[in-house]
Amino acid sequence: MSPSSRAAKRGNGDGDAVSARGRGLRPREIRDATVIRFAGDSGDGIQLTGSQFAMESALAGSDIATLPDYPAEIRAPAGTTYGVSAFQVHFGSTDIKTAGDELDVLVAFNPAALKVNVQDLRIGGMVIADESSFTDRNLRKADYESSPLDDDTLAPYQLIKLDITRLTEEAVKAFGVSAKEARRSRNLWALGLMLWMYGRDRKATVEWLSQKFAKQPDVKNANIAALNAGHAFGETAEMPSDVVGYTIAPADVAPGLYRTVTGTEATAWGLLAGVRAAGLGRLVFGSYPITPASPLLHSMARLADYGVVTFQAEDEIAAICSAIGASYGGALGVTSSSGAGVALKTEALGLAVGAEIPLVIVNAQRAGPSTGMPTKTEQADLLQALHGRHGDAPLAVIAANSPSDCFEVAMEAVRLATRYMTPVIMLSDAYLANAAEPWAIPDMNELPVFPVEFRGDPEGFHPFLRNSETLARPWVRPGTPGLEHRLGGLERSHETGNISYDPENHARMTEMRAAKIAGIANDIPLQAVEIGREGSALAVVGWGSTYGPIYQGVRRARDEGSDVSHIHLRYLSPFPRNLGDLLKSFDRILVPEMNAGQLVHLLRSEYILPAEGLNKVRGQPFKIAEIVEAIRTRLGE
Amino acid sequence: MTHYGCSLLSCGVIDERTFEMDDYQGAVARWCPGCGDHSILTAVQRLLEEEQLKPEETVFVSGIGCSSRFPHYLNTYGFHGLHGRALPVATGVKLERPELNVFVVMGDGDCCSIGAGHWIHATRYNVDMVALLLDNNMYGLTKGQTSPTTPLHFPSNTQPRGTYLEALNPVQATLGVTNASFVAQTAEWIPAHLYETLKAAYHHKGFSFVRILQRCPVYTASVYDEAVRKPDVIEMMVHDDGIYLPDLDQIYKQKIVHNPKDIDGARRLAEVTERVRLGVFYRNEALPRYEDLRRLPAHTAEERVRLLSEELDRYAV
Ligand SMILES: Cc1ncc(C[n+]2csc(CCOP(=O)(O)OP(=O)(O)O)c2C)c(N)n1
């Protein structure tokens, strides 16, 4: 893999150079990790500000995790609480696995942003507020009776009032941009200040602005000037005297080439890497836009150069049917959706089970039922993934646990789909789709391969002959002479592959379909214990994006002396072979899930275990503290 | 449809096989005696033989219904999918394999009711394939329920006193869709015309929509009765660029010259009258085809790996 201009080695102390520069007049304090949230109107450029801050932090060698939180409306009425957009960055020299429980710093661009976010700020944390937007009108919109900047609302916190709007206007005056344009650079001024505060560089941001506004030099220069002015404001100690800059040492991560990756991007590349590992020429991606799955369609659409055909179908049904048609044609068909869109695909999923077609379905789960909360995360489609079809229609279900894990899980979905001739549902969620973290870029030439063999031999062929090891039927590319066959949803004779309504045969085929999926358990790793030990007093068992908070929560509880372990499932259908025995070794089992209790239900019924749920359905990830608290009460501490 | 690419056998090697009608014969058709689907199957087999289409390079995709059993009765590749969803499955096959000859077989419930959304969009995508609407004006497989094309007042199990609504006109609807490139109508009881229409559809480069008037002896025996018995009810649209069968002149005396390039004329002729019009309403090969618009850049596997590695490195930190 050839490093490009923006590539850099991490874990080699590069960050020192950065933090040594830009020291203000006051000495910097040392911090291990910090959580910052930028919040403002959905038109304030919050998402860009946050991601740029994350990027600069990653470049400085920090481990990071980010959590964007944006409203469902593109441009909700300005200044309203439901139009608030936020972006949270957790960065530090330690192992960062979540976007952080509590905020250390909240940058609020208006009263509404302050109102909906301040409760997440830790006592003593810092609020940086743009004074000039705390007008009577904006205060009313946010339901404040008096300005929280002037009364004692913010007494528990360290408040820094700055007239960011005016400071930005002054900084960009020279570039002849309109007052409106000038106001729009506020976010960059604030970004400059935060980059100063944490001793981060501005180079990547300047480069990015130069590219983005290459055709509008005035806007480009104004934005860069705003960024620099915010930085200089901190540097020249115009800040209140109790505000200091911080130094965060680079994280101790394995050396290698890293980039930040969202779950969406990692899924796209994982699918592509999987198709290559399977030796297939093409991936046909049929999809229909829906939040939060659309970004995957966007990512795939950019991959035409790598053998990806995207088809923005007229609806979700057409999307999955086109993927089925493509798989019949000899490509890998993939479809993605969320919520209502996945529901629409269920009939065709049954067809793919019956016709035994390789297919990958990516479900970026969101809070339901129905339209629910489209931009909020949840993991309430597990039972739907396992059982949401008519008839006995088993298929494989796997789940990713972090943004970068989406790469491996997507590859694994392709492996299982092609090796077992089955649809595979890959579960991710709104959090994973949007969240980002550093990812060690794999060497494409060193990834495992699992080449597909198309059948070419007409001797003794019928379409439902089974491989004795995997029970998979043969995959035949149309165009192969002598192997012409018809597939579809009608039941087939296991002996001839012809349509059959024979009762014995249907029973046999139903068993065969179940046995094929169950057999995957022999082809996946045994379930490991993430941290802790087999047979401890308590096992905390999770799946999907709860990985970060459970991991950190269990670690914290263990540091405090609790005999607790973390088990995290990637394979949900089938379960790993040893899962039942492993779980039975623990005194108690706690299953945190962002749903009303789905995995816990499966574990209880499958293994007859007294597992207990810890359920959160607020559209938000678990906090580490919530897990720690639950562990403490279970262990009577 | 067009022919590019090569089969596994013919690539670089001269393929000396010739195919007889029997080579296309699949399972024995199990439609009712007297069902119009039999003659459509025969005409299709004749087309396959006349055009010497390689069975392995030909795919029949269908939905669900009596008519959708079609693929089982042919010894080509076939996919018998979901009710209403034949077109998206066929689109997927073509996205991956533009070189294959793809035929889609749908019933009127299949195409014009549950699959109506796909019908409009497939017409607009204009993927190179032949779409056959086997229109018996009724739900056959599920035993006699009103379909969108059931004539007004015609009774069914769901509307025993006759349908309440005017029938949907599939030809008119298709002609109204942006990018429609081939629209024709024929009748299964006039085999020569049926065959010529299938042939024209097959040779058209783009999405060829053919509505085939099809008798159902069980549920709609009387619907086409008049048209079958009285040739004067039928008006043949003739043109050198469309279909003209002088042999039929003796029987079908009502003729109208219609140039298939003329979309306004086509739309006028598609309006319902006492006449049943057969022939090519519209044909335009200049319209863009989805698979041509979406053709992928040609890269070797090695180039793709290199490109992907570069893409991944782009924002490396
Ligand atoms: C989703 C779904 N809904 C309903 C059915 C039941 N169904 C099967 S075929 C059919 C209609 C058949 O009529 P048509 O499409 O006109 O075809 P024909 O049988 O007349 O050839 C219906 C309603 C089904 N198979 N799937």
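Here are the numbers for the structure shown:
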| quantity | calculated |
| --- | --- |
| Degrees between helix A:346-355 axis and first principal axis of chain A (Cα, 0 to 90, nearest 10) | 40 degrees |
| Backbone HN-Hα couplings from phi across the range B:163-177 [Karplus 6.51/-1.76/1.60, Hz, Gly and Pro as x] | 5, 8, 10, 4, 5, 6, 9, x, 5, 4, 4, 5, 5, x, 8 |
| Under-5 Å amide H pairs with B:Gln25, H placed in peptide plane, nonlocal only | B:Asn75 |
| Of A:Gly245, B:Leu278, A:Gly270, farthest towards positive along the dipole that unit charges on Lys, Arg, Asp, Glu beta carbons give the protein assembly as shown | A:Gly245 |
| Amide H contacts under 5 Å for B:Thr163, placed H, 5+ residues apart | B:His153, B:Phe154 |
| Proximal lysines relative to A:Lys180, as straight alpha-carbon distance under 17 Å, when same-chain residues fewer than 8 apart are discounted | A:Lys220 |
| Proxy reagent accessibility, fewest Cβ within 10 Å first, across A:Ser402, A:Ser336 | A:Ser402, A:Ser336 |
| Relative contact order (%) - criterion: Cα under 8 Å, at least six apart; region: chain B | 16 percent |
| Around A:Gly519: net Lys/Arg minus Asp/Glu count, Cβ-Cβ under 13 Å | +2 |
| Three semi-axes of the equivalent ellipsoid, chain A, Cα gyration tensor, whole Å, largest first | 48, 28, 22 |
| In the range A:266-339, trypsin sites (Lys or Arg not before Pro) in a DSSP loop with at most 13 other beta-carbon atoms within 10 Å | A:Arg302 |
| Pair A:Glu495, A:Asp563: separation of 7 Å Cα→Cβ label points (nm) | 5.9 nm |
| Beta bridges per DSSP with both ends in chain A, % antiparallel, nearest 5 | 35 percent |
| Lysine pair count for the range B:21-312 [Cα-Cα under 27 Å; pairs on different chains or 8 or more apart] | 15 |
| Solvent-free Debye scattering, log10 I(q)/I(0), computed from the Cα coordinates of the range A:271-365 at q = 0.25 Å⁻¹ | -1.34 |
| Qualifying GluC sites (Glu not before Pro) for the range B:158-198 [loop in DSSP, other Cβ within 10 Å: at most 13] | B:Glu166 |
| Proximal charge balance of A:Leu283 [Cβ under 12 Å; K/R count +1, D/E count -1] | +2 |
| Ranked A:Phe461, A:Phe407, criterion: other C-beta atoms within 10 Å, fewest first | A:Phe461, A:Phe407 |
| Length-normalised contact order for chain A - Cα pairs under 8 Å, 6+ apart - percent | 12 percent |
| Dipole magnitude of the range A:195-272 about its Cα centre (Cβ charges: Lys, Arg +1; Asp, Glu -1), debye to nearest 20 | 360 debye |
| Tail fraction, Cα-Cα pairs, the range A:517-603, threshold 18 Å, whole percent | 41 percent |
| Distant-in-sequence amide H partners of B:Val104 (H built 1.01 Å from N, under 5 Å) | B:Val61, B:Val130, B:Ala131, B:Leu132 |
| Ranked A:His387, B:His203, criterion: other C-beta atoms within 10 Å, fewest first | A:His387, B:His203 |
| Magnitude of the charge dipole, the range B:25-184, Cβ model with Lys/Arg +1 and Asp/Glu -1, debye to 20 | 460 debye |
| Which of B:Asn259, B:Met236, B:Gly63, positive extreme of dipole for the range B:21-312 (C-beta unit charges) | B:Gly63 |
| Cβ-based charge dipole, chain A, positive-most Cα from A:Ala179, A:Ala611, A:Leu465 | A:Ala179 |
| Within straight-line cross-link reach of A:Lys516, lysines at Cα separation under 29 Å, skipping those fewer than 8 residues along the same chain | A:Lys345, A:Lys584 |
| Size of charge dipole - chain A - debye, nearest 20, with Cβ of Lys, Arg +1 and Asp, Glu -1, no other charges | 960 debye |
| Bridge type composition, the range B:21-312 - antiparallel percent by DSSP, nearest 5 | 20 percent |
| FRET efficiency, A:His506 to B:Ala116 (Cβ-Cβ, R0 30 Å, nearest 0.05) | 0.35 |
| Local electrostatic count, B:His203, Cβ distance below 12 Å [Lys/Arg +1, Asp/Glu -1] | -3 |
| Partner chain coverage, peptide B:51-62 - average Cβ within 10 angstrom | 3 |
| Over 33 Å [Cα-Cα, the range B:21-312], rounded percent | 21 percent |
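No lab work stands behind these numbers, since they all come straight from the coordinates. Computed from a predicted structure; not experimentally measured. Virtual Cβ from ideal backbone geometry, glycine too; neighbours counted across all protein chains shown.
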